[in-house]
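Undergrad: I have a structure here, written as structure tokens, and I will follow up with some questions on it.
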Amino acid sequence: MDFVSELAVARYEKIGEIVGKCVERVEKPKTFSDIIDTVVTDKYVGIPIFLALMWAVFQFAYSVSAPFSDAIDVFFSWCGDIASGIENSYVASFLSDGFFGGWGFVLVFLPPIAFVFIALTILEQTGYLPRAAFVVDRAMTKVGLQGKSFIPMLLGFGCNIPAIMATRTMEDDVDRKITIMVNPLMSCSARLPVYVLFAGVFFKEVAGAVVTSMYLLGILLAAIMATLFRKFIFGGKPSPLLMELPPYETPTLRSVLMNAWGKTLIFLKKAATILFIGAIIMWFLTTHPWDATNGGELIENSYASMIGHAVEPIVKPFGLDWTAGVALVGGFMAKEIVVGTLGMIYGVGEEGVADVIPQHFTPASALALMAITLIYVPCLATIGILRQELGSWKWTAFVVAYELVLAYVVAGIIYGIAVGLGVA
Amino acid sequence: MRWNSAILFIVTLAAGLIELAGGLKGEAVFQLFPSDVFGGLVMLTISAVFLRGLTHREHYAFYEFGSLILLTFSILYILVMLANGLDAVIVGEEWSIVDDLRIEMILLPLAIPGTSRLIKERRELPP
């Protein structure tokens, strides 16, 4: 038993002694909350129950919301198809790929985010979330975080934007800052297509293990960085988790929907604006200079290609060429763009990328690209939310900078080990 | 009630192990038991709740809450199935309801008695 635990035990013994002398106990009637708490805070099944419920949140948020996202995608694709029929090719391209493509790209994020908030609001309003924080507090304290950090970290596997916003439940400013700063290392769902593509092509037999290892790498790096931030930047210890466990309540549909809508609206107002502007910028970069790209058909003559060639010397040590550079620059807008950008560059569309990437990547460079995609700069929308929640451009720039350096170092190590083991 | 817990423990344990084995193997072992590592782990968690209840002084709490989680996942997978059906209509793909049926949905009736008891206690006991 460590000093803090011994102190707590001694304190409670003293309290018990004083209370025993001056308080007369009467038998407290069993409450409904007592029954539930017997199970959810149980030392053996408490954490597994918490993980199972978080898995339910994931399933609800990403599987049940899928048709709504697809409906939005289909609608904006239809609008884009109509716009592409406009005689003026510049206007047609802007409206089709820039405007409607941009809005479609932004709004497909809306359903999963709204569903995450609905699920979390249900857990919050029932009174379960404080119990969840209590159950995982001990494990989180070991890496410089606290119990309330766990839910934002877990949500990061879905999307870092609602995950970072979920830190609002944390009272201590330092705990909250550290949680926000390491959250982008949680591998959001937008990075999954990149892992699936490259692991499927280069590591067929063990593709599942490679994808899982990327998730584990993210968790490991987040734990290391949180420990380092706590030790060398912020100091102190995670604040003790002191909170009253409220009685369980049955939430009403109206209150759940109103609460979730309020949080979703914040995403729409802030992140969506940034995402939409990002999509327009990406359209501009891949289609201009207009004449040189022949209206966006020759992407190798575009500004995006120029940026890719400028980035190439940086990524070349990992066996990556300019096409990966363009994809990674695109990934800065949103990680979803990486695979699509490669498809555009190779002129095969998103569906044909798997057939052509062995010509541009080796297994070792594929591993490096996956690691970079996991770690390097958060997407533009996440940066917007980082700025909003950290309340400072300085800390936001720090997060971007440390992630860039970390991505470079980790990708270098992974590439070096892979080449050393003869994977390349 | 301990008998109910014991039966639910065995059923959910078997379902969890089969789903987990399928997930690790990469293909479903039996129809209705998808290859789903995380789904299998969830079922094993539910079985652990029932098992814990068998030896615990307040065994009814574990039986009732275990039933509630089983019911939650049954409903969740039904929602996922409906979503997949709707999605197939939207994107114009083929979809078969049989492909999305899974054991958790079949187990839903077994979760009702325990959940009903919990709801009754919610009404009768102070919060």
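Undergrad: Which of the helices in chain A, when you take each full DSSP H run, stretch at least 30 Å along the axis at their Cα atoms and have an average Kyte-Doolittle score of 1.0 or higher?
TA: A:207-228, A:393-420
Undergrad: Shielding by partners for B:38-46, please: the mean number of other protein chain Cβ atoms within 10 Å of each residue's Cβ.
TA: Whole-number average of other-chain Cβ neighbours for B:38-46 is 4.
Undergrad: Right, here's the next one. Which order do the peptides A:283-293, A:169-179 take when ranked by the mean count of other beta-carbon atoms within 10 Å per residue, highest first?
TA: Result, highest mean first: A:169-179, A:283-293.
Undergrad: A follow-up question, please. Can you give me the angle between helix B:2-25 and the longest principal axis of chain B, using Cα atoms only, in degrees from 0 to 90, rounded to the nearest 10?
TA: In chain B, helix B:2-25 runs at an angle near 30 degrees to the longest axis.
Undergrad: Interface size between chain B and chain A, please: total buried accessible area, 1.4 Å probe, rounded to the nearest 100 Å².
TA: Buried area (both sides, nearest 100 Å²): 2800 Å².
Undergrad: Would you calculate the separation in nanometres between label points at residue B:97 and residue B:6, each defined as 7 Å from the Cα along the Cα-to-beta-carbon direction?
TA: For residue B:97 paired with residue B:6, the spin-label model returns 3.7 nm.
Undergrad: Per residue, what volume in Å³ does the convex hull of the Cα atoms of region B:2-124 enclose? Display every interim value, and only then the final one.
TA: Values: hull volume 12.5 nm³, N = 123.
Spread over its residues, the Cα hull of region B:2-124 gives 102 Å³ apiece.
Undergrad: Nearest 0.05, what FRET efficiency do residue A:7 and residue B:75 give at R0 = 45 Å with Cβ-Cβ as r? Please report the intermediate quantities before stating the final value.
TA: Values: r = 45 Å, r/R0 = 1.00.
Result of the calculation: an efficiency of 0.50.
Undergrad: Here is a follow-up. Label-point separation (nm) for residue A:139 and residue B:54, each offset 7 Å from Cα along Cα-to-Cβ?
TA: 2.5
Undergrad: To check my understanding: the extent here is largest minus smallest coordinate of the Cα atoms along each principal axis. What are those three numbers for chain A, in Å, largest first?
TA: For chain A, the Cα spread along each principal axis is 89, 53, 43 Å.
Undergrad: To the nearest whole number, what is the average tally of beta carbon atoms from other chains within 10 Å of the beta carbons of peptide A:390-401? Could the numbers behind the result be given before it?
TA: On the way: counts 0, 0, 0, 0, 0, 0, 0, 0, 0, 0, 0, 0.
What the average comes to for A:390-401 is 0.
Undergrad: With every protein chain left in place, what is the accessible area of residue B:87 in Å² (1.4 Å probe, nearest 10)?
TA: 30
The values are calculated or read from the model by the stated rules, or taken from the named source; none is laboratory data. Since we're looking at a predicted model, the values are computed, not measured. Here Cβ is always computed from backbone atoms with ideal geometry, including for glycine, and neighbour counts include all displayed protein chains. Side chains are part of the model used for accessible areas, which takes the heavy atoms of the whole protein and leaves out ligands, DNA and RNA. Shrake-Rupley method; radii C 1.70, N 1.55, O 1.52, S 1.80 Å.
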